[in-house]
1. Which of (1) in a helix (DSSP H, G or I); (2) touching a helix residue (DSSP H, G or I) at 6+ places or on another chain (Cβ under 8 Å) does H85 not meet, given it meets every other one?
2. Out of the residues in region 191-215 meeting the condition of being crowded, with 24+ Cβ neighbours inside 10 Å and of a type in the set (A, V, I, L, M, F, W, C), tell me which one is farthest from the ligand (Cβ to nearest atom).
3. Condition check: away from the ligand (no atom under 12 Å from the Cβ), without any contact (Cβ under 8 Å) to a residue 60 or more places away in the chain and hydrophobic (A, V, I, L, M, F, W, C). Does A180 satisfy that?
4. Working carefully through the options G237, G295, G278, find the one that is more than 30 Å from H121 (Cβ to Cβ) and of a type outside the set (A, V, I, L, M).
5. Specify the residue that is farthest from the chain's Cα centre (by Cα); the eligible residues are those in region 163-177 that are in contact (Cβ under 8 Å) with a residue 60 or more places away in the chain and more than 16 Å from the ligand (Cβ to nearest atom).
6. Within region 311-325, work out how many residues are in contact with a Pro (Cβ under 9 Å, 6 or more places away or on another chain) and part of a strand (DSSP E or B).
7. Being at pLDDT below 95 and not small (G, A, S): is that true of V339 here?
8. Name the one entry in R252, R256, R263, R298 that is crowded, with 21+ Cβ neighbours inside 10 Å and either touching a residue at least 60 places away in the same chain (Cβ under 8 Å) or of a type in the set (G, A, S) (or both).
Amino acid sequence: MNYTPLTHMAFGYATSQILHAAVRLGVPDALAGGPLPAAKLAAGTGCDPEGLARLARALVVLGVLAETDDGYALTELGRPLCTGHPASLRTALLLLGDAATWAAWGSLADAVRLGGSAFEHAHGRPLFDHLAGDPVLSDLFGTAMGDGTGWVTAELTRVHDFSAARRVVDLGGGNGTLLAAVLAAAPRAHGVLVDSAEGAVRAAETLRRSVPPDRWSVEPGDFFDAVPPGDVLLLKGILHDWDDDRCAVLLRHCRRAIAPDGRLLILEPVVPPRAGPGAAASVLSDIAMLVLTGGKERTAAEFRTLLDSAGFALSGISGTLSGTSTRILTAVPTHIHGVV
Ligand SMILES: C[S@@+](CC[C@H](N)C(=O)[O-])C[C@H]1O[C@@H](n2cnc3c(N)ncnc32)[C@H](O)[C@@H]1O
C-alpha cells in the first residue's frame with residue numbers, strides 16, 4: 001500500500017498556510033508584472049531574504065511559481081493568487097489563514113464531539129457575532145464572500161432569466177456583488193439588499209459603483225425579524241449558515257414576502273445522497289460550515305422538506321455554476337391554506 005496520498009492529506013494544513021503566507025506577504029502581486037530574482041522579490045515584499053527564498057522554493061514545489069532565468073515567475077496555476085484575477089483566491093486564502101478562522105479549524109473535533117460550531121468553541125461566540133465586533137475580519141469576510149460570488153454571477157445570469165424581474169430582494173446580500181450582477185440582467189427591476197449594519201455599508205459601496213442610485217436600496221437589518229417584499233428573493237450562501245429551525249423561520253418570512261408569481265432562488269451546494277467521487281466539494285463545504293457557522297450543506301431531499309414546511313415547492317436544481325459547487329435551487333410559493 002502506498003500511503004503517500006494520506007501523508008499529503010495530513011500535511012494539507014501546511015500547503016494552505018504556505019499559500020496564505022504568500023498572498024499575505026504580497027508575493028504573487030509582486031510577480032504579476034513579470035519574473036523577479038529572489039533578492040528583488042524579498043526587497044519588494046519587505047521579507048527576510050532567506051525566509052523568502054525558502055517560501056518561494058516551496059511555492060515552486062506546489063506549482064504556483066516557476067524558477068526561470070529571470071528569477072521567480074507566476075505559473076498559470078498561480079495567477080488566481082493575484083489581486084484582480086477574475087477567479088482570485090487571494091481573499092479566500094487571507095480568510096482561511098486568518099488567526100480567528102485558523103483557530104476555529106483547530107476546534108473541529110470539539111464541534112464533532114459536542115455539537116455547535118467549531119468557531120464558537122474556539123472563540124466563545126458565533127461567527128457573525130464575532131464579525132460584528134471585529135471590523136477588519138468583517139471586511140475581509142465580506143470581500144472574500146463577494147469575490148467567491150463574482151466567480152458565478154456570469155453563469156448565473158446566463159442560465160437563469162431575470163429579464164422579467166420587478167423587485168429583487170437579496171437577503172444577506174454581503175458586499176452587493178450578486179445584486180449588482182442580477183440588476184444588470186434585470187433592466188426593469190429594483191433591487192433591495194438586506195444585511196448587517198457593516199454588510200450594508202459594503203454593499204452600498206459596490207452598488208454605487210455599478211448601478212444607478214434609483215434602482216436599489218440597502219436595508220441594514222436582521223432577516224430573522226422580517227423580509228421585504230419582492231418577486232425574486234435571493235438567498236446565496238445563507239441557508240447553509242444555519243440549522244433547520246433558523247432556516248424555517250427565515251423561509252417563512254420569505255413566504256410572506258414573496259409575490260404570488262414569485263421565485264425564491266437559493267444558491268448553494270447540494271450534497272449528493274451518497275458520498276461518492278462527485279461529492280467532494282459539497283461535503284468539504286459542509287465541514288467548513290460545521291467549523292465556521294454551525295450550519296450545514298443539504299441534500300436535495302433535505303432542501304425539499306425544509307422548503308415544503310415553509311410553503312414553498314422546489315421546482316428545479318441547476319447544474320453546478322462555473323466549476324464551483326454552487327447550484328441554483330428554484331422554489332415557488334405553494335398556495336396551501338394555512339401554511340403562511
Ligand atoms: C456567507 S455570507 C454570504 C454573502 C452573500 N450572500 C454572498 O454569497 O456573497 C452570509 C451573509 O449573511 C449576513 N447575515 C448573517 N446573519 C444575518 C442576519 N441575521 N440578517 C441579515 N444578514 C445576515 C452576513 O453579514 C453575510 O453577509
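1. Result: H85 fails condition (1) only.
2. L207
3. Here the answer is no, as A180 does not meet what is asked.
4. The conditions single out G278.
5. Checking each candidate, the answer is R166.
6. Number satisfying all stated conditions: 2.
7. yes
8. Checking each option against the conditions leaves just R263.
The values are calculated or read from the model by the stated rules, or taken from the named source; none is laboratory data. Just so we're clear, the structure is a prediction, and the values are computed from it rather than from any experiment. Using ideal geometry, Cβ is built from the backbone for each residue, glycine included, and neighbour counts are taken over all protein chains shown.
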